[in-house]
Amino acid sequence: MAEQEWRRPDRGLLVVRRAQCLLLLALPGLLLSGGALLAGAVEALAALLVTVALTGIALVSAERRWCAWGYAERDDDLLVRRGVLVRRLSVVPYGRLQYVDVTAGPLDRRLGIARVTLHTAAAASDASIPGLPAAEATRLRDRLAALGEARAAGV
Amino acid sequence: MSPAPDDWHRLHPLTPLLRGGRVLLLLAALVGQQGLRQGDGLRPAFVGLGSLAVTALAVGVGYVVWRTTRYRLTATELQVESGLLKRRSRRVPLARLQSVDVVRPIIARIAGLAELRLEVVGGGSSEAPLAYLADEDAQRLRRAMLASGREEEVVARADDAVLVQVPTGALVASALLGPPLVIALLLLPCLVAVALVAPAAAVPFGAALLPAYAGVFAVAGRRVLAEYGFSVAETPDGLRLRHGLLDTRTQTIPPGRVQAVRLLEPLLWRPWGWVRVEVDVAGYAGRGEEQSATSALLPVAPRQLAEALVGRVLGGGLPVAAAPVPERARWRAPLSRRRLRAGLDDRHLVTTSGVLTTTTDVVPLAKVQSLRLTAGPWQQRLGLTTLHVDTAGRRLPGAKAHHRDAAEAAALLDELSRRTRAARRLGTVPATRP
């Protein structure tokens, strides 16, 4: 499958992911290191090093995961690929779409990005594209809805 | 003939009593259990009066429900209205019916009543179960609902061609040739060892094991009760399954509703060449005890017969799952590598897997919802990819072709997306009618 053109999520998604790393990992780690000062300077330094190392790993893997995201609109179906450790590729035919969701968290909205989720009658088909610019998300949603209607097939 | 289509009907007048009876049975079981555990907890008279009061309340509530519930069948839908404070009106479009079940719990059977359950896509539970109806009303309603999808009038009703009848001996044997036998074989040496080391401890040890073993036995027993007298018949309305000893159930699956089929061949059944066939329809939600009762298309049968039946249900012969996985897959799946196979033709995908139980999954391409490829870290290292085929069924959510060569899996994905598209186009035309 080389012929189709893969499109990538917005850079805003990477910003969100990095912010999540810092907020959930670096901040508690730093607080913990500060607390460790009470026990001694060596302990505090060790905690700080661990925090820095973990945050670094998380930031790198967030970037790699962001790079792995991609989607391609073909004539009859939508392809979504993602994942580094576990690589996934989903193929969802337009005719099978039951409904399409567009969601955006507070941080997403500030950065003007949204997530488009495709739902079919099967619970296992998990095609979801995060980090689309708001206009692109709306365009994709409307296009999917129109195509889904045109090619609808009974369950 | 049947009454005018726009008539509202009530459920059977015995319904409140039956519901009350069920509550009484439940209470009796509860009280019995508590009594066994505590010996003398509460005074019997007090418990008896309390139970009676609760039962009377249940009958009263049942009466109100019965008074406020009504249904009617129109040409295109079933309408059910219920509720006293909060009116609920439900319309079930008949064209969307995935299956129709007539269930007769033992207590309803005694009274000559039955419950009608309809399954439609997306229902969390059975849509608008009608409990209880007189037996003949349930039959008539089912016939009318299934017939409304068809243009022509069905002439003869007695020509239900019974395809398979499962012998009771085989059913009992197949139930025993599972956990009951395995656990007995595991426990027996323990018991013997204890008897040899400390003869005095053997009797209490055995007595302690007995309840655990009885539990295992009860599971097998329940299966036999639910699948007793299993018969599969082909009718103009679709496939009809009948089974059950105490609670009987008649399932009707209209043509072209099957989402996936699975053939199971446990290790212990292999000497006899038996397989179990399970089937999934879009509507069935995976609900505890009913799950095992409704998923079997054939509880036990010789492989040849089972494959013939599956071919009949899905319409046409099945491809042979012949393509093996690469040799290097043994590093990822050392025990099941030889059994991992896949086969594809224009209408079906067949995959096999399993270590102790050989599992064969069949998915009609017209029912495929989405396709996926996944490769975990180990698989990526070995250049392997797993192909998933998703269907709308809840219990058999599609098929997986495990550990295919990465390039082959990509090619298979391309091929499948082409063939499922073609199958879908054909599928939008109503399924073949007899």
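Listed by position, the strands (runs of 3 or more DSSP E) enclosed by region A:1-101 that each have at least 3 residues that are under 20 Å from A:Leu140 (Cα atoms) and under 14 Å from the mean Cα position of the chain (by Cα) are A:77-82. The single condition from (1) assigned to a strand (DSSP E or B); (2) more than 14 Å from every other protein chain (Cβ to nearest Cβ); (3) more than 29 Å from B:Trp269 (Cα to Cα) that B:Arg328 fails is (1).
Test A:Ala127 against the criterion of being within 14 Å of another protein chain (Cβ to nearest Cβ) and either at positive phi or surrounded by 21 or more Cβ atoms within 10 Å (Cβ to Cβ) (or both), and give yes or no.
Details: within 14 Å of another protein chain (Cβ to nearest Cβ): yes; either at positive phi or surrounded by 21 or more Cβ atoms within 10 Å (Cβ to Cβ) (or both): yes.
Yes.
Residue-wise test of (1) closer than 27 Å to B:Ala308 by Cβ; (2) surrounded by 22 or more Cβ atoms within 10 Å (Cβ to Cβ); (3) not assigned by TED's automatic domain parsing to the domain that holds B:Ala321.
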| residue | (1), (2), (3) |
| --- | --- |
| B:Leu335 | no, no, no |
| B:Arg338 | yes, no, no |
| B:Gly343 | yes, no, no |
| B:Val350 | yes, yes, no |
| B:Thr357 | yes, no, no |
| B:Val362 | yes, yes, no |
| B:Gly376 | no, no, no |
| B:Thr391 | yes, yes, no |
| B:Glu415 | no, no, no |
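It is to be established whether one or more residues within region A:116-124 are of a type outside the set (Lys, Arg), surrounded by fewer than 23 Cβ atoms within 10 Å (Cβ to Cβ) and more than 8 Å from chain B (Cβ to nearest Cβ).
Here is the first cut: in region A:116-124, the residues of a type outside the set (Lys, Arg) are A:116-124.
Going one step further and asking which of them are surrounded by fewer than 23 Cβ atoms within 10 Å (Cβ to Cβ), we end up with A:117, A:119, A:121, A:123-124.
Add one more test, that the residue is more than 8 Å from chain B (Cβ to nearest Cβ), and what stays is A:117, A:119.
Among the residues of region A:116-124, at least one is of a type outside the set (Lys, Arg), surrounded by fewer than 23 Cβ atoms within 10 Å (Cβ to Cβ) and more than 8 Å from chain B (Cβ to nearest Cβ), which makes the answer yes.
For region B:358-420, give me every one of the strands (runs of 3 or more DSSP E) that falls completely inside it and has 2 or more residues that are within 8 Å of chain A (Cβ to nearest Cβ) and within 30 Å of B:Arg257 (Cβ to Cβ). Steps first, answer last, please.
Values: elements: B:358-364, B:370-375, B:384-390, B:399-405.
Counting at least 2 such residues, we get B:370-375, B:384-390.
Go through the residues of region A:57-65 one by one and say whether even a single one is among the small types (Gly, Ala, Ser) and away from every other protein chain (no Cβ under 14 Å). Yes: one or more hits. Screening A:Pro106 against (1) in contact with a Pro (Cβ under 8 Å, 6 or more places away or on another chain); (2) away from chain B (no Cβ under 14 Å) leaves a single unmet condition, (1). When residues in region B:183-211 are screened for being closer than 30 Å to B:Val300 by Cα and either surrounded by 15 or more Cβ atoms within 10 Å (Cβ to Cβ) or among the aromatic types (Phe, Trp, Tyr) (or both), 3 of them pass.
The values are calculated or read from the model by the stated rules, or taken from the named source; none is laboratory data. Just so we're clear, the structure is a prediction, and the values are computed from it rather than from any experiment. Reconstructed Cβ throughout: ideal geometry from the backbone, glycine too, with neighbour counts over all protein chains shown.
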